[in-house]
1. Filter region B:170-196 for residues that are under 21 Å from residue A:173 (Cα atoms), at the interface with chain A (Cβ under 9 Å from one of its Cβ atoms) and free of Cβ contacts under 8 Å to residues at least 24 places away in the same chain and give the result.
2. Determine if region A:77-85 includes at least one residue that is away from chain B (no Cβ under 12 Å), under 21 Å from residue A:186 (Cβ atoms) and assigned to a helix (DSSP H, G or I).
3. Is there a residue in region B:1-11 that is away from DNA strand F (no atom under 11 Å from the Cβ), in contact with a helix residue (DSSP H, G or I) (Cβ under 6 Å, 6 or more places away or on another chain) and at pLDDT below 95?
4. Filter region B:36-51 down to the residues that are more than 8 Å from DNA strand E (Cβ to nearest atom) and surrounded by 16 or more Cβ atoms within 10 Å (Cβ to Cβ) and list them by number.
5. What do you reckon, is residue A:115 within 12 Å of another protein chain (Cβ to nearest Cβ) and buried (at least 19 other Cβ atoms within 10 Å of the Cβ)?
6. Among the residues in region B:40-49, are any within 12 Å of DNA strand F (Cβ to nearest atom), within 14 Å of another protein chain (Cβ to nearest Cβ) and in contact (Cβ under 8 Å) with a residue 40 or more places away in the chain?
7. Go through region B:120-138 and give me each residue that's within 11 Å of chain A (Cβ to nearest Cβ), more than 15 Å from residue B:65 (Cβ to Cβ) and touching a helix residue (DSSP H, G or I) at 6+ places or on another chain (Cβ under 8 Å).
8. Would you check if residue D:141 is assigned to a helix (DSSP H, G or I), over 29 Å from residue D:60 (Cα atoms) and more than 9 Å from chain C (Cβ to nearest Cβ)?
DNA sequence: ACCTAACCGAGACGGTACGTCGCGTCTTATA
DNA sequence: TATAAGACGCGACGTACCGTCTCGGTTAGGT
């Protein structure tokens, strides 16, 4: 009965896709995620609701794609490696703090993190597309430091990266503290202190 | 015209309050937070909608109270202090891992964490009632260790606690990894390694 | 799961009911039956859609009630009986012709007749409430004439009534001719000519 | 900009036209007129929607053509004239009753009659193509009887035909009674009784 | 021991948004 | 250029809940 067939993506309207992304990001900033509606996005984008439902299963999915499309341009090649691990980490984390403190960034990111908590499927995508790639950069940088002997060979670098990043994201997500440069510096120092090879 | 006066809590029906908590917790487990509705709670609890609206401003607030009422019984006095910091932390964190792996606990806790991400007011209450008290126990235990010299005097114990707890909660909330005993043990070891007083 | 229970009609809002009738009749006249929508009625009546769906199953049912409520005031006691059957019939049919030529009457009546053609359930109600009572008046008047000997005893008065009324309604419904006084008079004469007792 | 030009009917696909008729008639029988959709017809006929929109302005027009194409084969030359008017009329009306009682005939015919009630344009075509030709046969037969003296010269044969046919169609359309042979016979007798020349 | 104000269960109400269906227009590729 | 296919903007569908609002019926204290 029902038409369950997948739509033909080669005939998709690029103009509509873009308009939907713009509308979704603008609206989530203006009214917040809870009051973000598919109808609102469609209307702001000058698009039929069906055009959204045809390509995305939920407002979270729309927002995820919209956000990803924006962020993907950032596309870093890797963390800086000046030879000074602490300095490199502080530099990057300070930049990330600035980014997380940017209001335009906050609304969609928070919304996606929150939606992911209640939707396993979504959280997989969210992590794979947005958080994992960033984390991997830290893991790689730490592994490089391991090879130069700056970090102990017996260290679990994945967990080390989490010790660095999770306090950061957690503070931000739960609003348990400000993301200041001071905080970032102390965090880096305190984590690195434990990573040095044992005498 | 409208009656804006606060209700008289001395005449409140305890029976209804309990029924609402039970219904809310049961439903959030069965249908998830997004499909949890005030009408659903009222109907399941055999209660008028107004009785809910009279006492709580939102479904998140109901759930927060319901969850708190359940968890408050746990009420620990403090972390164990056997003199062996690593052992004490591993013991408590392993127990917490078990708790977080309990399905009955997951749905409401995830829901509240997520709701908090988008609702500043709620997140303040959530943190103050549910996460801060727990965190403080760790801070206190670390401070005690600082006094025995097990932990360096120059350590920021708040951040140290976050290095311990955030990777833990982050993994769970974002589903980026399992909360195994192995993970807990490695995490504790790796964090503590950096806390020791400098030679 | 679903709430299939019937609503409590004792708590029904009379104000809304009236507003819905007014809106339905006004709109069917303005935009026609096909473009008459539940949303349009609700909006014009200043009423939630659910308030309509709670009490009626379809726009046809709303219109039928609305129309009935208007027409019920007509409530005739019976056809005139001056002793002159032809004169009585012409008098009433001329009045009916005037009524059917009234634009305010046309739109809803046509719409209901048409909707009934495709919906057996609806047509039963339509006939029982709107057409049968009128027909019965003619049947009764003819039977009275039968008793005075003006109409033959062997005549099927039901069919005689149909010979009078069906050409009339058919012309109007299908627009196959005007409902003029001339037509009415000729029709009455020609029908009565066959009803007289056989010499 | 828009192409408003009329399509070139010489290049029209006869195969598609037939498939559309078949689909329309089949569907109106299966799901009824209200749930009959252009999309449904196109899909069932294996035809693009545009092919329908190119040649017909509405689903009613499609159905009218489809029905006409089916019925046109019947094409009678005239009513029988055995010299016995009553017998001739009963014979034809009984056959018509059988036809109207055929389920395959009912759905489209009812649908068209109903659609016509709300759409003046359509009803003109409906009457001209489907009902008027039939009526005229009766008018002609009655006029012939007038010439043989079987029917009074002062009779309005058009109205006489309506006295015969309208009760018949009305009963069927509004479902106010069965179309039995008994009914047909009584109707014919009672109508003819009034048509005889006055002594 | 009654009054009466408040809470209570129930659910109708005006709304907003949902996710779906079908409209009529359009674009694309095929024959 | 007609066609099969189907994406598009749009409008309405019928449903689910929202938060507010009566409506009786309990259920306490305060007199």
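The values are calculated or read from the model by the stated rules, or taken from the named source; none is laboratory data. All of these numbers come straight from a predicted model, not from anything done at the bench. Note that each Cβ is placed from the backbone with ideal geometry, even for glycine, and that neighbours are counted across all protein chains shown.
1. Within region B:170-196, B:170, B:171, B:174, B:175, B:176, B:177 meet the criteria.
2. Looking through region A:77-85, at least one residue is away from chain B (no Cβ under 12 Å), under 21 Å from residue A:186 (Cβ atoms) and assigned to a helix (DSSP H, G or I).
3. Yes, there is a match, as at least one residue in region B:1-11 is away from DNA strand F (no atom under 11 Å from the Cβ), in contact with a helix residue (DSSP H, G or I) (Cβ under 6 Å, 6 or more places away or on another chain) and at pLDDT below 95.
4. Passing the criteria: B:36, B:38, B:40, B:41, B:44.
5. yes
6. The answer is no; no qualifying residue exists.
7. Residues satisfying the conditions are B:123, B:127, B:131, B:135.
8. yes
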